[in-house]
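Enquirer: Pasting a structure here, questions to come.
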Amino acid sequence: MTKEIELSHKQAEYIRKANHRWNIKIGATQCGKTYIDTQYLIPNRIIERLGKPGLVFIVGVSKGTIQRNIIEPLQEIWGSNLVADIGSNNISTMFGEKVYCIGADNVGMVRKYRGARIKYLYIDEIVDINEEVFELLKSRLSFEYSCCDASGNPQSRTHFIKKFIESNIDIYLQHYTLFDNPFLPQKYIEELCKEYQGTVYYNRYILGQWCNAEGLIFQQIANDYTRYITKEVQLNSIISIGIDWGGNKSKHSITATKISRDFKNVQCLKSDTMIATGTNTKQVFRWIINFIKEIQDKYGTVSFIFADSAEQVLNNSLQGELISNGLNIKVQDSIKIEIKNRIELWNRLLNLDKLSFIEGQTKTIIEALQTALYDDKAKDDRWIDDGETSDIDSLDSFNYSFEFWFEQISYYLGKVA
């Protein structure tokens, strides 16, 4: 199957040389790594193996990301008759072949195929998938004609995928920087560089380098917090509150945030903490209710409250207290977005000056951001959570206050320019 497509030098080189058991592209975001996979490689690999024994697998971070990153782009090119949506049985029919589409977040589902022999494996965002899932799959390429195509963005220098690709395997490895994609508008490149400048993500997502995260996480606000302070309250926004419940060694924390309805700006209205040791629920609930009423008096209706999902008894009790105080706001569970994803998005917001803090009302969260340090002993990007280094409770409540809109914010940040 052939279709005329425009390729960069690196993309053309990959098509010519990627004929090994493992064929992996590692590098910057938006550099064209997956473009040739949906345009050319996936269809051709599947069709070359039609009628041969073995199964075809497409693996991604989740079933949803496979649908969005792989299935939908394939359908745009080849149509839904040749590429079907993923069914409830996790199977899509592609070019006459059953294709098992498995989210690596579902380890149990992958285990069901422990004995399967794979003739073609495609891994989307390989660096982000579960290590156990990868170990289960890699030994399944058991035919002479078995192969795997994969792509991903680099992370730390100790990542298990980096160790794998540097081991003694049959591999064609290609490295990309953002500047290897000649089809990106110059303005877009400039804005993307601005989003990640001064952070570990510039090395990873712009230069495509494996790079450890060290030191201060949010250097922008640590160096000059006044850049982000404002007296002006943004209009046409959603007001949301995040609550983190404290324990013996931590504090209760609450943060109110405004999210602009175009999802391009986030503004912290007020943040506060309360010592957990020695305080009872009645005191804590009164503190929260007073906080909410102050926000509503100053800034308008609070539409959402997201509280730590690990504390269902407290969440249910808070709901009753709100109702008895005439506050008809539903207490919803926090989503608990992964810390590495929080760090990346917050850095982007800070770099683009799309995150602001109301003067005199947000001291606790500003200090928490200024002092947060990378945990250099962790396998992935995360902050030190030892109860002493920085105020993790404030970071959590801040996150809960607007994580519900993370996907929209991340998407529309790319359209700020």
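The values are calculated or read from the model by the stated rules, or taken from the named source; none is laboratory data. Here the structure is a predicted model, which is why all the values come from computation and not from measurement. Ideal geometry is used to build each Cβ from the backbone, glycine not excepted, and the neighbour counts take in all protein chains shown.
Enquirer: Considering (1) in contact (Cβ under 8 Å) with a residue 40 or more places away in the chain; (2) more than 19 Å from LEU373 (Cβ to Cβ), say which one THR226 fails and leave the rest.
Expert: Of (1) in contact (Cβ under 8 Å) with a residue 40 or more places away in the chain; (2) more than 19 Å from LEU373 (Cβ to Cβ), only one is false for THR226: (1).
Enquirer: Output the residue which, of all residues in the stretch 246-300 that are of a type in the set (Phe, Trp, Tyr) and in contact with a Leu (Cβ under 9 Å, 6 or more places away or on another chain), is farthest from LEU395 (Cα to Cα). It would help to see each step written out before you state the result.
Expert: Of the residues in the stretch 246-300, the ones of a type in the set (Phe, Trp, Tyr) are 263, 285, 287, 291, 299.
Applying the additional criterion that residues be in contact with a Leu (Cβ under 9 Å, 6 or more places away or on another chain) yields 263, 285, 299.
On the way: PHE263: 20, PHE285: 20, TYR299: 22 Å.
Ranking the candidates gives TYR299 first.
Enquirer: Right, another one. Would you be able to say whether some residue in the stretch 303-319 is within 16 Å of ASP393 (Cβ to Cβ) and more than 30 Å from the chain's Cα centre (by Cα)?
Expert: Within the stretch 303-319, none of the residues are within 16 Å of ASP393 (Cβ to Cβ) and more than 30 Å from the chain's Cα centre (by Cα).
Enquirer: From the residues in the stretch 45-69 that are in a helix (DSSP H, G or I) and in contact with a strand residue (DSSP E or B) (Cβ under 6 Å, 6 or more places away or on another chain), which one is farthest from GLY152 (Cα to Cα)? Give the derivation first.
Expert: So the first thing to find is which residues in the stretch 45-69 are in a helix (DSSP H, G or I), and the list is 45-48, 63-69.
Subset that is in contact with a strand residue (DSSP E or B) (Cβ under 6 Å, 6 or more places away or on another chain): 45-46, 63, 66, 69.
Values: ARG45: 19, ILE46: 21, LYS63: 17, ILE66: 13, ASN69: 12 Å.
Out of the qualifying residues, it is ILE46.
Enquirer: Exactly one condition in (1) surrounded by fewer than 22 Cβ atoms within 10 Å (Cβ to Cβ); (2) out of contact with any Cys (no Cβ under 9 Å at 6 or more places or on another chain) is not met by GLN67; state its number.
Expert: Unmet condition: (2).
Enquirer: Another one. Give the number of residues within the stretch 205-233 that are buried (at least 18 other Cβ atoms within 10 Å of the Cβ) and not in a loop (DSSP other than H, G, I, E, B).
Expert: Qualifying residue count, the stretch 205-233: 5.
Enquirer: Here's something else I'd like to know. For the stretch 265-276, indicate whether the set of residues that are out of contact with any His (no Cβ under 9 Å at 6 or more places or on another chain) and part of a loop (DSSP other than H, G, I, E, B) is non-empty.
Expert: yes
Enquirer: Please state which of the following conditions LEU345 fails to meet, knowing it meets all the rest: (1) among the aliphatic types (A, V, I, L, M); (2) over 17 Å from the mean Cα position of the chain (by Cα); (3) under 22 Å from TYR201 (Cβ atoms).
Expert: The failed condition is (2).
Enquirer: So which pairs qualify, if the first residue must be in the stretch 27-51 and over 18 Å from VAL127 (Cα atoms) and among the aliphatic types (A, V, I, L, M), the second must be surrounded by fewer than 22 Cβ atoms within 10 Å (Cβ to Cβ) and at pLDDT below 90, the Cβ gap must be under 6 Å, and the two must be at least 6 apart or on different chains?
Expert: If the second residue must be surrounded by fewer than 22 Cβ atoms within 10 Å (Cβ to Cβ) and at pLDDT below 90, the pairs left are ILE47/MET1.
Enquirer: Also, quick follow-up: Residue check: is GLU195 loosely packed, with under 15 Cβ neighbours inside 10 Å, not in a loop (DSSP other than H, G, I, E, B), not assigned by TED's automatic domain parsing to the domain that holds LYS330 and not basic (Lys, Arg)?
Expert: Numbers: loosely packed, with under 15 Cβ neighbours inside 10 Å: no; not in a loop (DSSP other than H, G, I, E, B): yes; not assigned by TED's automatic domain parsing to the domain that holds LYS330: yes; not basic (Lys, Arg): yes.
Against the criterion (loosely packed, with under 15 Cβ neighbours inside 10 Å, not in a loop (DSSP other than H, G, I, E, B), not assigned by TED's automatic domain parsing to the domain that holds LYS330 and not basic (Lys, Arg)), GLU195 does not qualify.
Enquirer: Where in the stretch 82-165 are there helices (runs of 4 or more DSSP H), lying fully within it, with 1 or more residues that are touching a Cys at 6+ places or on another chain (Cβ under 9 Å)? Break it down stepwise before answering.
Expert: Working: elements: 107-111, 131-138, 160-165.
Answer list for the stretch 82-165: 131-138.
Enquirer: Filter the stretch 246-289 for residues that are charged (D, E, K, R) and closer than 21 Å to LYS330 by Cα; which is surrounded by the most Cβ atoms within 10 Å (Cβ to Cβ)? Walk me through it before giving the result.
Expert: Kept after step one, since they are charged (D, E, K, R), are these residues of the stretch 246-289: 249, 251, 258, 261-262, 264, 270, 272, 282, 286.
Subsequent filtering for residues that are closer than 21 Å to LYS330 by Cα retains 258, 261, 270, 272, 282, 286.
Numbers: LYS258: 25, ARG261: 13, LYS270: 22, ASP272: 22, LYS282: 10, ARG286: 12.
The extreme case among them is LYS258.
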